[in-house]
Amino acid sequence: MTHEDYMRQAIDLARECLTGGPHRSPAERVRWGEEGQRNERAFAADGSEGYAACPNDVPVGCVVVSPDGTIIGRGRNRREQANRATAHAEVEAINEACAALGSWRLEGCALYVTLEPCPMCAGAIINARIAELYFGAREGKSGCCGSILNLFCEPFNHHPRVYGPLLEEECRAPLTEFFQNLRKI
């Protein structure tokens, strides 16, 4: 899979916040191939309340990819649903990836997220030793990949390579829809 394919997986997670279920059509599932289908079945079969519709949460999706190209962590914003300030997409995906590997160190892994990380998520990315970060849309209010500040240039003990924006318009679309719907209320 390409970087764009992984980011589209994250976009699908963001869209699920708006729709309440896997967003891909059968034709799109074929495009993802057997591995993508296997991951989707495992994710859907998980069925935990954490992956139910989250209509009040800002639609941000995230995936963590192992060095061999397997998606090992998925997350989306669930702050409102879980009543937890730390239930951001990146933290959820990092936690799932750590559980999958049995380690807090995600060395060699890449993280794809639809919105530029906030300070908390940037710290989690640094602490998890994520090797590469790909973000979609810039975040002018709390973005820490250069929009407000760049935490990844500070003298921390780890510095992931940062790429973005990637598929910015596609990543911004669920956010735009969410906030347009919110204004109608």
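What the table shows:
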{"quantity": "Filter pass, Gly69 being at pLDDT 95 or above and on the phi > 0 side of the Ramachandran plot", "calculated": "yes"}
{"quantity": "Residues that are among the polar types (S, T, N, Q) and either in contact with a Leu (Cβ under 8 Å, 6 or more places away or on another chain) or crowded, with 24+ Cβ neighbours inside 10 Å (or both), drawn from region 104-155", "calculated": "Thr114"}
{"quantity": "Residue list for region 156-181, restricted to those being modelled with pLDDT of 95 or more, touching a Leu at 6+ places or on another chain (Cβ under 9 Å), open to solvent by 80 Å² or more (accessible area, probe 1.4 Å) and of a type outside the set (Phe, Trp, Tyr)", "calculated": "Arg161"}
{"quantity": "Selection status of Asn95, farther than 20 Å from Gly123 by Cα, without any contact (Cβ under 8 Å) to a residue 60 or more places away in the chain and not charged (D, E, K, R)", "calculated": "no"}
{"quantity": "Test: residue in region 85-103 that is open to solvent by 70 Å² or more (accessible area, probe 1.4 Å), over 23 Å from Cys17 (Cα atoms) and touching a Ser or Thr at 6+ places or on another chain (Cβ under 8 Å)", "calculated": "yes"}
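Residue-wise test of (1) in contact (Cβ under 8 Å) with a residue 12 or more places away in the chain; (2) closer than 25 Å to Met1 by Cβ; (3) of a type in the set (S, T, N, Q); (4) out of contact with any Gly (no Cβ under 7 Å at 6 or more places or on another chain).
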| residue | (1), (2), (3), (4) |
| --- | --- |
| Thr70 | yes, yes, yes, yes |
| Glu80 | yes, no, no, yes |
| Thr86 | yes, no, yes, yes |
| Cys118 | yes, no, no, yes |
| Glu132 | yes, yes, no, yes |
| Gly143 | yes, no, no, yes |
| Arg161 | yes, yes, no, yes |
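The values are calculated or read from the model by the stated rules, or taken from the named source; none is laboratory data. All figures in this text were calculated on a predicted structure; none of them were measured in a lab. Please note: Cβ atoms are built from the backbone with ideal geometry, for glycine as well, and neighbour counts cover all protein chains shown. Note: areas computed on protein heavy atoms with side chains; ligands, DNA, RNA excluded. Shrake-Rupley method; radii C 1.70, N 1.55, O 1.52, S 1.80 Å.
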